[in-house]
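Right, one structure below, let's go through it.
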Amino acid sequence: MPHITNAMICTCTNCISNGALDIKDALESEIKRRGLADDVLIVPTGASGLCVKGPILVVQPEGIFYQQLKTKDIPNLVEEHFLKGRPVKKLMYVPPGEESPIPELRSIPFFKGQRLIALRNRGMIDPDSIDEYIARDGYKALAKVLASMTQEEVIKEISDSGLRGRGGAGFPTGRKWESRRKDPRTPRYIVCNADEGDPGAFMDRSIIEADPHSVLEGMTIGAYAVGASGGYVYLRIEYPLAVKRMQLAIEQAREYGLLGKDILGSGLDFDVQIFKGAGAFVCGETTSLVASIEGRIPEPRQRPPRTTLWGKPVVINNVETWANVPAIINWGAKWFSQIGTETSKGTKVFSLAGNINNAGLVEVPMGITLREIVHSIGGGIPKGKKFKAVQTGGPSGGFIPASLLDLRVDYEQLDKAGSMMGSGGMIVMDENTCMVEMARYFVAFTNDESCGKCTSCREGSYALLEILNRICKGEGKEGDVELLEELGEAIRDASLCGLGQSLPNPVLSSIRHFRDEYEAHIKEKRCPAGACRALITFAIDDEKCTGCTRCAKNCPQEAISGEAKEVHVIDQDKCIKCGICLDACKFDAVIVT
Amino acid sequence: MPKIRPEDLDRIGEKIKRTMLLREGACRVKIIVHMGTCGIAAGARDVMKALTQEMEKADVKDVLLTISSCAGLCSREPMVTIEVKDQPAVKYVDLNAEKAGKIFSDHVLGGRIVSEYALAAGSERTL
């Protein structure tokens, strides 16, 4: 029989020094004595975040937070709370001068499921102060590597940790480093790919804005491991604050001799500069990025076995990958590889956007379900609407429907569902989102961003877009869905780079999971989500309308008429289907069909 | 600034811990305004300005006003974290200049948490 209640006792160093272990023993014997051992499970936990108030006991599922416990409190606490179900107010965490306690941060669903490794300093340090980074174990990993590890040992540690590229493809980082280290050509280079361009993605920007030194330290450790002497942060110019903070971080690191000649007196020479990208989406692709740094037009090339910069070996990793490196060195490969799933270790940073209550930046252990991310951490869908799909992987990814919400997030599982991990953008869509329109939006994006080198991508995306435009306008024809599928597969097979190969994904995955929506558009000239303007009409329900005149006052076309306190009517000839009346009406009287 | 040696890292860390982490030293309260792009877009500069003015007006010597980046919950920005010595940090959400002023007078100066603007107390799970 499962336990009804969990008693989580914090056993961090701080709480133990305050007597947490005595409390735990007292709790165990008292619970046994009261015959509650089958109902209450005692769980020792790690630092709760409030440990200055230790020893701390959190009772779940209620989330009640007891603090500064003493062994003599325990019999009363067990009797009152666990036996009689009456939480003991005087032992609860109460801020000074307050009647009712405010919740503990880690009991709030948004923070509860998160675990910060890449974002370990977010919101805690001043990103413009290298000293504050150092105070939180900053540059200790670099010092450790330089003082006590060989290149091989560093690479082995990264390989053993199971760290995979966080830019999306998930290539094992250690293996990438090893191949560059063995390349006899010099000089070698380190690049941080911060050319984040997916709509709705802001992980890389946030990491750099919050903690630029974690990225620089990771890159410097990488430089030592592969024997590199120069590095670039390829950072798009649309991120002015990130550029500014990274620039300052580089200058501070140089001043301290953490970049430049003879780093920490170890003999390692390595320096980094920012390369500002002009904002072309294709530059995030490895060969284009390299071309851009070399001063050429950023068109992808046939991928050589190993990408080079000026004909020399280069390690290109994403911002989040680099930010993970110092933590792995400090805490060990074993620690890191215990987090996550069989094939995907550690955590992943996601940016939650779209129809979601808690839009923001989250870092979660790999293997967490999409349901937890969307409904627990994300707080569900606004206005009580139904969840329809989540889009991962940006314009290269796909849609994941409600039926797959229990999917465990890792590289392989997302791939299997027809989407991809991607860099971590997660766009949540509610029941009023049209999947055909969303597919159209992403294809319009890639069509715009296609560099134009391959016909399949340049013309193929255009052909897809034309068909999707027609379907959304109600001009779809029988056979359009099959044509989209055929075209999509051809584009995937015939394009040179990742942008082209993956651009059909939003179309193919939306057909795979939402074929009925395509058919409704084509056969019935109907948009089931009520989103495609050409296929919907707005009308007023005469039973619900109270004649409040709000809709008429707000209509920019003056298409709504009616006297006060009488039913209003929409003139279909004037209506432009902007939906303002729908938002304005407080009585749900505007109907979309 | 001279170039540092590995042993200097601990020295710098200790120095910062003394001033910023409120263990010892002159500081009693630390105010962190979360100034990532999301915070700034939502109005963190107004909050910062209001707090700077309050600091000048109150002429306090034991309060440190500093910045940090996005606290994760972008949809509730502008956010401020208040750390009072020996107490868990309190995170405030959905702020503006006026609310920031009240937090300054009630929590920073008066020691009373403004619970209607507070989200929660404590810190996140790291590592």
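The values are calculated or read from the model by the stated rules, or taken from the named source; none is laboratory data. This structure is a prediction, so every number in the text was calculated from the model and none was measured. Every residue, glycine as well, gets a Cβ built from its backbone with ideal geometry; the counts of neighbours run over all protein chains shown.
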Query raised in the report: Between residues in the stretch A:351-370 that are within 11 Å of another protein chain (Cβ to nearest Cβ) and without any contact (Cβ under 8 Å) to a residue 60 or more places away in the chain and residues that are in a loop (DSSP other than H, G, I, E, B) and not aliphatic (A, V, I, L, M), which pairs lie under 9 Å by C-beta distance while being six or more apart or on different chains?
Result: A:N357/A:G378; A:N357/A:G379; A:N357/A:G380; A:A359/A:G378
Query raised in the report: Hey, any hits in the stretch A:342-350 for a residue that's in contact (Cβ under 8 Å) with a residue 40 or more places away in the chain, within 14 Å of another protein chain (Cβ to nearest Cβ) and polar (S, T, N, Q)?
Result: yes
Query - Residue satisfying all of: in the stretch A:296-320; touching a strand residue (DSSP E or B) at 6+ places or on another chain (Cβ under 8 Å) and among the polar types (S, T, N, Q); farthest from A:T173 (Cα to Cα) among these - result: A:T308
Query - Enumeration of residues in the stretch A:130-160 that are free of Cβ contacts under 8 Å to residues at least 12 places away in the same chain and of a type in the set (S, T, Y) - result: A:S148, A:T150
Query - Condition check for A:G378: out of contact with any His (no Cβ under 8 Å at 6 or more places or on another chain), at positive phi and within 14 Å of another protein chain (Cβ to nearest Cβ) - result: no
Query raised in the report: Which of (1) at negative phi; (2) more than 23 Å from the chain's Cα centre (by Cα) is the odd one out, the single condition A:G452 does not satisfy?
Result: (1)
Query raised in the report: Has the stretch A:531-542 got at least one residue that is of a type in the set (D, E, K, R), touching a residue at least 24 places away in the same chain (Cβ under 8 Å) and over 30 Å from A:N469 (Cβ atoms)?
Result: yes
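For every residue, the table says whether it meets (1) of a type in the set (S, T, Y); (2) part of a loop (DSSP other than H, G, I, E, B); (3) out of contact with any strand residue (DSSP E or B) (no Cβ under 8 Å at 6 or more places or on another chain).
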residue	(1), (2), (3)
A:W322	no, no, no
A:A327	no, no, yes
A:F336	no, no, no
A:S351	yes, no, no
A:N358	no, yes, no
A:H375	no, no, no
A:Q391	no, no, no
A:P395	no, no, yes
A:F399	no, no, no
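Counting just the residues of the stretch A:235-288 that are of a type in the set (A, V, I, L, M), more than 11 Å from chain B (Cβ to nearest Cβ) and touching a Pro at 6+ places or on another chain (Cβ under 7 Å), which one comes out farthest from B:G36 (Cα to Cα)?
The initial filter retains those residues of the stretch A:235-288 that are of a type in the set (A, V, I, L, M), namely A:235, A:237, A:241-243, A:246, A:248-250, A:253, A:258-259, A:263-264, A:268, A:272, A:274, A:278, A:280, A:282.
With more than 11 Å from chain B (Cβ to nearest Cβ) added as a condition, the list becomes A:235, A:237, A:243, A:246, A:248-250, A:268, A:272, A:274, A:278, A:280, A:282.
Then drop every residue that is not touching a Pro at 6+ places or on another chain (Cβ under 7 Å), which leaves A:246, A:249, A:280, A:282.
Details: A:M246: 13, A:A249: 16, A:A280: 23, A:V282: 26 Å.
So the residue we want is A:V282.
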Query raised in the report: Looking only at the stretch A:532-577, which residues are under 30 Å from A:S510 (Cβ atoms), hydrophobic (A, V, I, L, M, F, W, C) and either in a helix (DSSP H, G or I) or modelled with pLDDT under 90 (or both)?
Result: A:A534, A:L535
Requested in this report: Working carefully through the options A:S206, A:S214, find the one that is of a type in the set (S, T, N, Q), at pLDDT below 95 and surrounded by 24 or more Cβ atoms within 10 Å (Cβ to Cβ).
Outcome: A:S206
Report summary line: Filter the stretch A:264-308 for residues that are small (G, A, S) and touching a residue at least 12 places away in the same chain (Cβ under 8 Å); the one that is farthest from A:R458 (Cα to Cα) is A:S266
Query raised in the report: Within the stretch A:319-335, is there a residue that is in contact (Cβ under 8 Å) with a residue 12 or more places away in the chain, of a type in the set (K, R) and surrounded by fewer than 23 Cβ atoms within 10 Å (Cβ to Cβ)?
Result: yes
Query raised in the report: Can you pull out the residues in the stretch A:136-167 that are at the interface with another protein chain (Cβ under 7 Å from one of its Cβ atoms) and over 23 Å from A:M203 (Cα atoms)?
Result: A:K140, A:A143, A:A147
Query - Selection count, the stretch A:158-172, where residues are surrounded by fewer than 23 Cβ atoms within 10 Å (Cβ to Cβ) and part of a helix (DSSP H, G or I) - result: 2
Query - A:Y133, sole failed condition from (1) facing chain B (nearest Cβ under 8 Å); (2) crowded, with 24+ Cβ neighbours inside 10 Å; (3) not hydrophobic (A, V, I, L, M, F, W, C) - result: (1)
Query raised in the report: Do you know which residues across the stretch A:473-502 are more than 30 Å from the chain's Cα centre (by Cα) and surrounded by 15 or more Cβ atoms within 10 Å (Cβ to Cβ)?
Result: A:G474, A:G476, A:D480, A:V481, A:L487
Query - Matching residues in the stretch A:338-349 - criterion: being of a type in the set (G, A, S) and in a strand (DSSP E or B) - result: A:G340
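Residues of the stretch A:235-290 being of a type in the set (F, W, Y), outside any helix (DSSP H, G or I) and more than 26 Å from A:A143 (Cβ to Cβ), which ones? Break it down into steps so the answer makes sense when it comes.
From the stretch A:235-290, those of a type in the set (F, W, Y) are A:239, A:256, A:270, A:275, A:281; that's our starting set.
Narrowing the set further to residues that are outside any helix (DSSP H, G or I) leaves A:239, A:256, A:270, A:275.
Residues satisfying the conditions are A:Y239, A:F275.
Kindly indicate which of B:V84, B:V63, B:V47 is within 24 Å of A:S206 (Cα to Cα) and touching a strand residue (DSSP E or B) at 6+ places or on another chain (Cβ under 9 Å). Before the answer, list the steps.
Values: B:V84 fails: within 24 Å of A:S206 (Cα to Cα); B:V63 fails: within 24 Å of A:S206 (Cα to Cα).
Checking each option against the conditions leaves just B:V47.
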